[in-house]
1. Which of the residues spanning the stretch 23-53 are farther than 26 Å from residue 89 by Cβ and either crowded, with 17+ Cβ neighbours inside 10 Å or among the basic types (Lys, Arg) (or both)?
2. Please go through the stretch 1-21 and pick out each residue that is touching a Leu at 6+ places or on another chain (Cβ under 7 Å), outside any strand (DSSP E or B) and at pLDDT below 95.
3. Which residues, counting only those in the stretch 38-77, are part of a loop (DSSP other than H, G, I, E, B) and out of contact with any strand residue (DSSP E or B) (no Cβ under 8 Å at 6 or more places or on another chain)?
4. Sort out which residues of the stretch 52-75 are under 18 Å from residue 5 (Cα atoms) and of a type in the set (Ser, Thr, Tyr), and write them in order of number.
5. Considering only residues that are polar (S, T, N, Q) and not in a helix (DSSP H, G or I), which ones fall in the stretch 78-91?
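The values are calculated or read from the model by the stated rules, or taken from the named source; none is laboratory data. This one's a predicted model, so the numbers in the text were calculated from it and none came from an experiment. Neighbour counts are summed over all protein chains in view; Cβ atoms, including those assigned to glycine, are modelled from backbone coordinates with ideal geometry.
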Amino acid sequence: METLTYKGLPLVRSNDEMYYGDPNAPVIVYLKVLSTKQVGNQTVSDKIHVSLISTDTTLDPMQRMKKQGIKNGLYSALDVGAVWLQSELSK
C-alpha cells in the first residue's frame, strides 16, 4: 500500500481527521474537518481546525497543544500546518 505524502511527509486520513508528519518526531499536525461544501458533484473540505501537537503522550492534552487555528480549505490548512511543523522541528 502506498502512503500519501505532502511535502515529503506522511499524511494519514481517517474520516474527518488527518495526521501530518512523522509519528516518531516530537510534534505532528492534527487536522479536523469541521465543515464541507459542494463544488459541482464533489464534496470538499471547507473549514479545517489545524493543531500542532506534541507526540509525547505522557503530557496532559492541554500541554501537548502547541498551536491551533481554523483555516478555509484543505490546502490552506495543510500549508500552515507544514510551516508550523518545519518551524518547530528546526528548533
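1. Residues satisfying the conditions are 37, 47.
2. Residue satisfying the conditions is 4 alone.
3. The answer is 40, 41, 56, 57, 58, 59, 60.
4. 75
5. Result: 90, single match.
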